[in-house]
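The values are calculated or read from the model by the stated rules, or taken from the named source; none is laboratory data. Please read these numbers as outputs of a predicted model, since none were measured by experiment. Glycine also receives a Cβ, built like all others from the backbone with ideal geometry; neighbour counts cover every protein chain displayed. For the accessible areas, the whole protein counts, side chains as well, though only heavy atoms, and no ligand, DNA or RNA atoms are used. Shrake-Rupley method; radii C 1.70, N 1.55, O 1.52, S 1.80 Å.
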Amino acid sequence: MRKSIKYILWVAVILVVAYSSVYFKKLSDVKAAAAKGFDAAAYANNYFYKQLPPAIAEAPDVDKLIAMIKTDTSAAFKSYGHALAIGTTRYFLVQGKGTIVNIDDNGVWVSTPAGNTVLLGTEYVYGNALRDASGLVDINKFSNTMDLNNISGAVDKIVRTKILPGIKPQLKKGGIILFSGAAGLNQAHLQLDGMEITPVSIKIIR
Amino acid sequence: MLLAACHSGHKTKQPKKIAVIVSTLNNPWFVFLAQTAAAEAKKRGYETKIFDSQNNTALESDNFENALASGYSAILFNPTDANGSVVSVTRAKAAGVPVFCMDREINSTTEATAQILSDSYSGCVEMGKYFVKTMHKKGNYVEILGIVADNNTWSRSKGFHSVVDDYPGLKMVAQQSADFDRNKGLEVLESILQAHPDIDAVFCGNDAMAMGAYQALAAAGKANQVKVFGFDGAEDVIGYIKDGKISATAMQFPKVIAKTAAKYADEYLKGKRDFPQKVPVAVELVTAKNVDDYVAYGKKN
């Protein structure tokens, strides 16, 4: 009798151990979790709404940046330019004020107080300008380049879908605006006239 | 003892050796990449040798074996296959030999010391923007892909589509691989033109296929109606952009990739260990507007 109780206890222990050691999950759930990986949209949201605004607040006025680049290109690129990729293109955060002088298929052309003409690229918001210009995205934290590509895509999408639709219809020739954004410049082929700025914010003041 | 001292003294004078293992020397782009890497390593004081894998993973594996057996201290590596090459890199890592991938990546983020790669995706985002502008947001187009197993093929395609797919007026009527090969590019487009004679543009994953596509269009009498877009910055395409035959290419910088890999290997052998796993090298859009600033494989000095 005692022997059979002993056996029953042993079987119970084995069953408890076996039950605790094995668990089942739906294959579709496991695959979905594996595919989920890095959440670029969440990263982009945090970056665009929390990290970028203080960096923009510190960004140089576009006229000041252009003047500095004309005076000492290397120093300006070193002080204000950032890029994740090796190369001669660097991205700059800028802010400024100006009068809308034209609107075309590429975006909004703005004349600044110092007489510079810049393009707020409201039509083709794609690329790495907004991701790179702040210098806040650290390449060493990413082993997968597609994650970095997806950050650019997600940040640009915020501008295309959340920022521009509200303001674009209100932009008219002659209007005066405050703007901020990121510009890409290639030090080897410097093109300051019509410098394209990917917008972060546009505010009509008149 | 004297002999031993002589031997040891002789040994310390030997320069360390760096191997350059390249996917193929049957393509001028990779010849340039391998020779630049070897020259930069030599300039930094290393004995170098170039091993040609002839686009064959088995031969590539033999090259690794030879390099490891011959006492090379580091390997500058242009892989033949993103998946198939991993095992060779793992073997080198196990032997304590660092591997620096050039231009093509392997599907592992733990085996190579660093991977220095053209930023193909971002280059094709810029290409996509230019494509949409040039096409005025509408038209039928064909995409000719590179080798389907190569990550670069999909980085380029995905970058391009991340822009172009947002414009519903642009319709891709065919997408087919031509293995980065000029003759196959010609054949593939000839065949596609039979089914889709009314295309407005062709986007090719490299310049060799763009040249083949242009040849097919010229033979069909459509070279003036159909715009061709490539990727690489090859010499003949730079000339064709100047002549208005090809609309644009994306310039890669093999010199920058090769020199960075050799510099990293040198730094590693001198004690540095913290390298970013993936290092993108910028790719620049070349069009009729700026083509005079460029030469094959880079910028004019």
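Structural remarks
- Checked against the criterion of being polar (S, T, N, Q) and over 25 Å from B:Leu285 (Cβ atoms), the candidates A:Asn186, A:Asn144, A:Asn140, A:Asn150 yield just one match: A:Asn140.
- Selection within the range B:186-235 - assigned to a loop (DSSP other than H, G, I, E, B), in contact (Cβ under 8 Å) with a residue 40 or more places away in the chain and closer than 20 Å to B:Met251 by Cα: B:Gly205, B:Asn206, B:Phe231, B:Gly233, B:Ala234
- Hey, B:Asn140 farther than 29 Å from B:Ala265 by Cα and open to solvent by 30 Å² or more (accessible area, probe 1.4 Å) or not: yes
- Matching residues, the range A:81-100, being within 14 Å of another protein chain (Cβ to nearest Cβ) and either β-branched (Val, Ile, Thr) or not in a loop (DSSP other than H, G, I, E, B) (or both): A:His82, A:Ile86, A:Thr88, A:Thr89, A:Arg90, A:Tyr91
The rows are residues; the columns are (1) hydroxyl-bearing (Ser, Thr, Tyr); (2) touching a residue at least 12 places away in the same chain (Cβ under 8 Å); (3) buried (at least 21 other Cβ atoms within 10 Å of the Cβ).
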position: B:Gln35; (1), (2), (3): no, yes, no
position: B:Gln54; (1), (2), (3): no, yes, no
position: B:Leu59; (1), (2), (3): no, no, no
position: B:Gly71; (1), (2), (3): no, yes, no
position: B:Val89; (1), (2), (3): no, yes, yes
position: B:Ser122; (1), (2), (3): yes, yes, yes
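- So B:Pro276, is it within 11 Å of chain A (Cβ to nearest Cβ) and within 20 Å of the chain's Cα centre (by Cα): yes
- Search result, residues across the range A:106-115 that are within 14 Å of chain B (Cβ to nearest Cβ) and either assigned to a helix (DSSP H, G or I) or open to solvent by less than 40 Å² (accessible area, probe 1.4 Å) (or both): A:Gly107
- Annotation note: of B:Ile50, B:Ile75, B:Ile106, the sole residue that is modelled with pLDDT under 95 and open to solvent by less than 80 Å² (accessible area, probe 1.4 Å) is B:Ile106.
- Any hit, the range A:134-144, residues being within 14 Å of another protein chain (Cβ to nearest Cβ), at pLDDT 95 or above and either surrounded by fewer than 19 Cβ atoms within 10 Å (Cβ to Cβ) or farther than 24 Å from B:Phe131 by Cβ (or both): yes
- Selected residue [within 22 Å of the chain's Cα centre (by Cα), away from chain B (no Cβ under 14 Å) and open to solvent by less than 30 Å² (accessible area, probe 1.4 Å)] from A:Ser180, A:Ser201: A:Ser180
- Residues of the range A:80-105 that are free of Cβ contacts under 8 Å to residues at least 60 places away in the same chain, open to solvent by less than 70 Å² (accessible area, probe 1.4 Å) and more than 30 Å from A:Asn144 (Cβ to Cβ): A:Asp104 alone.
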